[in-house]
Every structure is written in C-alpha cells, then in structure tokens.
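This report refers to the structure that appears directly beneath it.
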Amino acid sequence: MNLKNKKNEHKIRNDIDMNNLPKHIAIIMDGNGRWAKKRFMHRSAGHKAGVETVKEIVKAAGDIGIEYLTLYAFSTENWYRPKEEVDFLMKLLVDYLRKELNVLHENNVRINVIGNLDKLPEIPRQEVYKAIEKTKGNTKLKLNIALNYGGRSEIITAVKECINDVKNNIIDIHSIDEELFKKYLYTKDQPDPDLLIRPGGEYRVSNFLLYQMAYTEFWFSDIYWPDFKREDFFKAILDYQKRERRFGGI
C-alpha cells in the first residue's frame, strides 16, 4: 500500500463512529473470475488473489471490533462449475485453513461454518472441523464461512427440523414464531446481518442468507473482490452509519 492510500484508509477509519458499528457484516465475495479474465489470466489466479483479500478483510474486521463476519465462500450452485475449478476451490480452502488457522487462533477468531458440509470432499471437511474445534473457545471475531450454502436450502432444512420437533413433542406448533424459527437456522444465536457488502458489480443477493437479511442494509461496489481493500471495507461501514434504520417504523 502506498503512502497516499494508507493516509486515505486512516482518514476513513478515523471517521467511523466506533459506538455505531454493525455487529454483523456479510460479504458476497464476487468478481474473482472477471478480475482474472481482465488480466488474461486463468480463473484460478483470480480465486487465489481473492484469498489474499479474505486475509486482509478478516484482519480489518477484527481490528475495528466487528463481532460477526460472514463470508460467502461456496454456494450450493457452485457445484455446477467445471470440476477443475471446484477442485481448485476446495484446495484453496484447505490451504487457507492450514496456513492461517494458527494466526486466526492467536487473534482470538472463532471459526464457524454455515451450510451442508456432508457434500464436501473428505479432506476439506476434516480441515473445517479441525478449525472449528481449535477455535471454539475464542471470543473476539466470529468468522462464519458459508460452504455448500444456499439460502433456500437452509430454510427448507430448518422447516423439516421444526416439523420433526413438533412430531416428537419437543416444541408445540403454536409456539413457533420468528424467534423460535431462527434457532433452526445455521446462524442460530447470532444477530442478523446489519450490513451486506457485495463487490464485483452485481446487484443481487444470490441465494445468500435469505431469511436473515429481511432488514439488512446493502452496499454494492463495482470493485472486483481481489481489488477490494481495507479502505473499501471501511467506506462501506461509514456509509452504513449514515443511514437511518427504521425497521418498518417511522
């Protein structure tokens, strides 16, 4: 980072109201492939560059005091990509966890995974469980990694579990309300996202946290994920703080 950019980052960060931080930020990490294509590189180069941005933004979130950060890493629809690309993404996941786990643990980051892990290959699945176990006692930033995640699938799974508990007399059907239903979601016991950040130039939620984002503030950017910097992350937070959240009220 050059001196000018560093000064800009510090200025934006200093403008942030530390008493009005979003508790939970969700990010759709978009634009890796287009970043690579623009540079006449293979898509894998974009994904690899995107991992460096993950490291930078996770650190920035921890530095500023964000409590929950959810990263959309691999969707249920991503299995339809070419096998070569899927295999590379799984390898990147393994490499990231193996190289960064100790750093994350030392920085008091707790790793959680949302999504159906049963379909993941054995080695990535083992690394995920290892990371969850090692960091389960950490109390600073809770890092949710969305893997084989789909918002519709999550809701259907939650409905099935809810019905099963009614059948087994664990809960009464008349006790089901929004708060109870949320306990059947992957994000149970977590606040809903206050802010969704989507770089990459697209303007959709892509089947991400559909139930949880009923009143989330959205922040879109044309910047491809590998070019997304701490400065951009802080800009999104600063913009969030300028909004008035009424939750349907006046």
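Readers should treat all values here as calculations from the given coordinates under stated rules, not as data from a laboratory. This one's a predicted model, so the numbers in the text were calculated from it and none came from an experiment. Methodologically, a virtual Cβ is constructed for each residue, glycine included, from the backbone with ideal geometry; neighbour enumeration extends over all protein chains shown.
Tabulated data for the structure shown
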read-out	value
Boolean, Ile171 is in contact with an Asp or Glu (Cβ under 9 Å, 6 or more places away or on another chain), under 27 Å from Lys38 (Cβ atoms) and β-branched (Val, Ile, Thr)	no
Residue list for the stretch 64-103, filter: under 15 Å from the mean Cα position of the chain (by Cα) and polar (S, T, N, Q)	Thr70, Ser75, Thr76
Test: Phe181 is touching a strand residue (DSSP E or B) at 6+ places or on another chain (Cβ under 9 Å) and among the hydrophobic types (A, V, I, L, M, F, W, C)	no
Whichever residue in the stretch 205-222 is over 15 Å from the mean Cα position of the chain (by Cα) and surrounded by fewer than 16 Cβ atoms within 10 Å (Cβ to Cβ) and, among such residues, is farthest from Lys235 (Cα to Cα)	Ala214
Any hit, the stretch 17-37, residues being among the aromatic types (Phe, Trp, Tyr), touching a residue at least 60 places away in the same chain (Cβ under 8 Å), touching a helix residue (DSSP H, G or I) at 6+ places or on another chain (Cβ under 8 Å) and part of a helix (DSSP H, G or I)	yes
Check on Gly33, touching a Pro at 6+ places or on another chain (Cβ under 9 Å) and crowded, with 19+ Cβ neighbours inside 10 Å	no
Single residue of the stretch 89-134 satisfying the filter (polar (S, T, N, Q) and free of Cβ contacts under 8 Å to residues at least 24 places away in the same chain) that is surrounded by the most Cβ atoms within 10 Å (Cβ to Cβ)	Gln126
Residue within the stretch 222-233 that is within 21 Å of Ile114 (Cβ to Cβ) and part of a loop (DSSP other than H, G, I, E, B) present	no
Matching residues in the stretch 47-85 - criterion: being assigned to a loop (DSSP other than H, G, I, E, B) and free of Cβ contacts under 8 Å to residues at least 40 places away in the same chain	Arg81, Pro82
Looking only at the stretch 135-153, and only at residues there that are more than 17 Å from Gln212 (Cβ to Cβ) and either of a type in the set (Ser, Thr, Tyr) or out of contact with any strand residue (DSSP E or B) (no Cβ under 8 Å at 6 or more places or on another chain) (or both), the one that is surrounded by the fewest Cβ atoms within 10 Å (Cβ to Cβ)	Thr139
